[in-house]
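The values are calculated or read from the model by the stated rules, or taken from the named source; none is laboratory data. Note that this is a predicted model, so its numbers are computed, not measured. Glycine also receives a Cβ, built like all others from the backbone with ideal geometry; neighbour counts cover every protein chain displayed. Just so you know, the surface numbers come from the protein's heavy atoms only, side chains and all, with ligands and any DNA or RNA stripped out. Shrake-Rupley method; radii C 1.70, N 1.55, O 1.52, S 1.80 Å.
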Amino acid sequence: RRSGQYTMNHDHSKKIPDGASFDRSGSQDSLDELSMDDYWKELENIHETRGNNHEERVALVVKEPDEGELEEEWLKEAGLSNLFGESSGDSLESVVFLSTLTRTQKAAVEKRIETVTQTMRKKNKQHQIPDVRDIFRLQNDSKGKVCDGSEPSTVRTSENKNETYDGTKGPKFTLGTDEQKSLLEDMPSSDTDINLEISFAEQAANLKDSSVGKMYKGGGGDTLLPNFRLPKDKTGTTKIGDLAPQDMKKVYSLALIELTALYDILGTEFKQQKAVKIKTKDSGMFGVPLSLLLEQDQKKVPGTKIPLIFQKLIAQIEETTLETEGLLRIPGVATRVKGLCQELEAKFYEGTFNWENVKQHDAASLLKLFIRELPQPLLTVEYLKAFQDVQNLPTRKQQLQALNLLVILLPEANRDTLKVLLEFLQRVIDHRDKNKMTLKNVAMVMAPNLFTFHGFGSKAIEQSEFVMAAGTANVMRFMIQYQKLLWTIPKFIVNQVRKQNTESQKKEKKDKAMKKLLKKMAYDREKHEKQEKIPNDTDVPQGVIRVQAPHLSKVSMAIQLTEELKAGDIVARFLSQKSGNVQTLKKEEVFLYEIGGNIGERCLDDDTYMKDLYQLNPNAEWVIKPKQS
């Protein structure tokens, strides 16, 4: 098999008829022939580069899983493998986790456990095989409400919106105290508002059930992409990178379950692909796994999160000017690109490579070559198909929601590299008046580089190549256009994490109390514990928080909470207290963090209303510090 074998491996120049009339029903936009031409030309350039450039190369094999294997893998990924198999006894932690799921998320988990259970029974594995109903019954007996009151009848009622997850009094994790917010689902929200308060799959279920749920497909053109926006959240927007690793792990599990639930509701199959390991290069730059490349680069530049060659190629393209007509579309000279590629492999790390010889179009070709040559796609083998399938979801809002969850699911190295790529593409588009590269053109040229992958053979998508091409180009457009939204962690997921942390803390407290009794030291310990806790309540009156700033000259301050006080105001107040002996930090270098209580650690955006957040997490500590890179 030639290395040039892509998902589309034909000579497309022969395939496009004069009228180029193809079925556009599968692509949300009608994409004109001119821009489709860009797509096929890019594919031809790719084939030409491959033909000239590379020896035979083993395609990455995607393994067809056995029955039940996918579901078992899915449960492991979702952190629920202890619900079955040898370790199924130790599922208390999972019970806490399940108690925070929405109705649609539970249904997605039940469906997978059911399949695994049936498969195990068929194979007659000697494990304890739980009945899926028992798992959820056990969990339903001990908890009341799930996190957004998601019994079918209650999803839309405003009274339930302000109940806490388990019906007890305490900080409300669902909607804010703001009266209007609790009516959010009943009010006709704008088509362009992205609701992050309520599970995406629950929203889709409501839309399906309600007669008003009009599933629409929009028309084409750059200008016609909806201007989606996030309504302001008073407790602060959480971006990827704002949370501590232990909470991000929970976010990952919830995002996987939520995405699966969303695809289930919308009748789209969600299958993670599984790559069989193949031998890859273990040094160099092109064709080296991303993780290995970063490991190599971090020895040179500690803490770097983006491959150095990738950063340098982007800088090289921008250095000339982004106004060059046809930038990214016009390929470099294939033989020259090949030579540069070999020279870079030999000289880049030694610092002896002469960048002055690199023409701009060649640098752009090298950048695209780098992406294509990754032994596993930038969007990963697991999720590449799910990214492609986004085009099949009924509404643009749902496509955006799915992409948001998929970005959260990418490994950190892939996600960080994708972010830098999308930001660069947006800067190219910002110069479209001069370079003639509109959002649509850039998407057309970049889609084949991200979505066609030499490892997937070609038969699966041949029959619908035009639709596939238009579809992936649309997904590419979405990723560029809405990149700021895609790096946001939905509030309902952050709230589920808060709920899990609260429940786990309750469980830990119970365990500790039991141990204390056994040691017959209850009295002394309680006294000690009270002494530890009291200072925060006695020296800080009601409605006042104590903010620590170990890196600043003013290391601690009591702050009176008011309705309008924001996180940015607190940081500014600390920074205005100057003193000579401490290193001065700029406003953009330090952030207020919410630490502990029902979250591990969260970096706050400047517009977070502190009183609202304090009500959500009254036991948190507040610390100003530089952001961890």
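Residue by residue through the range 605-622, which ³J(HN,Hα) values in whole Hz follow from phi under the Karplus form 6.51 cos²θ - 1.76 cosθ + 1.60 (θ = phi - 60°), with glycine and proline marked x?
7, 4, 8, 6, 7, 5, 5, 5, 5, 4, 5, 6, 9, x, 9, 6, 9, 10
Could you order 508, 258 so the one with the most accessible surface comes first? Probe is 1.4 Å. Working shown, then result.
Details: 508 100, 258 0 Å².
From most exposed to least exposed: 508, 258.
Between residue 507 and residue 484, with labels modelled 7 Å along Cα→Cβ, what's the label distance in nm to one decimal, could you check?
Here the answer is 4.0 nm between the modelled labels.
Taking θ = phi - 60°, what integer Hz values does the Karplus form 6.51 cos²θ - 1.76 cosθ + 1.60 yield along the range 335-351, in sequence order, with x for Gly and Pro?
Listing the rounded values in order: 5, 5, 4, 4, x, 4, 4, 5, 5, 4, 4, 7, 10, 4, 6, 7, x Hz.
For residue 111 and residue 359, compute 0.36 nm times the residue count separating them, minus their Cα-Cα distance, and round to one decimal in nm.
Length gained, residue 111 through residue 359: 83.8 nm.
Ignoring ligands, DNA and RNA, what percent of the accessible area of the range 540-628 is carbon or sulfur (1.4 Å)?
Carbon-and-sulfur percentage of accessible area, whole number: 48.
Among the lysines in the range 540-628, how many pairs, 8 or more places apart or on different chains, have alpha carbons under 20 Å apart?
Taking the Cα cut-off of 20 Å, the pair count is 18.
Using a 1.4 angstrom probe and counting only protein chains, how large is the accessible area of residue 611 in Å², to 10?
The accessible area of residue 611 comes to roughly 60 Å².
List the relative contact order of the range 540-628 as a percent without decimals, with contacts defined as Cα pairs under 8 Å and 6+ residues apart. Can you show the working numbers first?
Numbers: 158 pairs, mean separation 30.5, N = 89.
Taking the mean separation of contacting Cα pairs over the length of the range 540-628, I get 34 percent.
Search the structure for amide H atoms under 5 Å from the amide H of residue 239, placed 1.01 Å from N in the peptide plane, and list their residues when 5 or more places away or on another chain.
Amide H neighbours of residue 239: 489.
Return the sequence-ordered ³J(HN,Hα) values of the range 308-324 in whole Hz as given by the Karplus equation 6.51 cos²θ - 1.76 cosθ + 1.60 applied to θ = phi - 60°, using x for Gly and Pro.
Each residue of the range 308-324 in turn: 4, 5, 5, 4, 5, 5, 5, 4, 5, 5, 6, 4, 5, 3, 8, 8, 4 Hz.
If I model a spin label as a point 7 Å beyond the Cα along the Cα-Cβ vector, how far apart are those points for residue 230 and residue 606 in nm?
1.6 nm
In the structure displayed, which of 234/440; 250/515; 76/312; 239/338 lie more than 31 Å apart, Cα to Cα?
234/440; 76/312; 239/338
Report the extension gain between residue 69 and residue 321 in nm, rounded to one decimal, defined as 0.36 nm multiplied by the number of residues separating them, less their alpha carbon distance. Could the numbers behind the result be given before it?
Details: separation 252, 0.36 × 252 = 90.72 nm, distance 5.06 nm.
Additional length available on full extension: 85.7 nm.
What FRET efficiency comes out for the pair residue 619/residue 558, r = Cβ-Cβ distance, R0 = 30 Å, nearest 0.05?
Efficiency for this residue pair is about 0.95.
For the range 540-628, state what percent of all Cα-Cα pairs lands in each successive 10 Å bin, counting from 0 Å until the bin that includes the largest distance.
All Cα pairs, binned at 10 Å, distribute as 17, 55, 25, 3 percent.
Rg/Rh for the range 300-452: what does it come to with C-alpha atoms and Rh from Kirkwood?
Here the Rg-to-Rh quotient is 0.98.
Roughly how many whole Å is it from the C-alpha centroid of the range 316-380 to that of the range 381-441?
Between the Cα centre of the range 316-380 and that of the range 381-441, the gap is 21 Å.
Just to verify a number: FRET efficiency for residue 280 and residue 577, C-beta to C-beta distance, R0 = 56 Å, to 0.05?
0.55
May I ask you to compute the full-extension gain from residue 239 to residue 343, defined as 0.36 nm times their residue separation minus their alpha-carbon distance, rounded to one decimal in nm?
Value of the extension gain: 33.5 nm.
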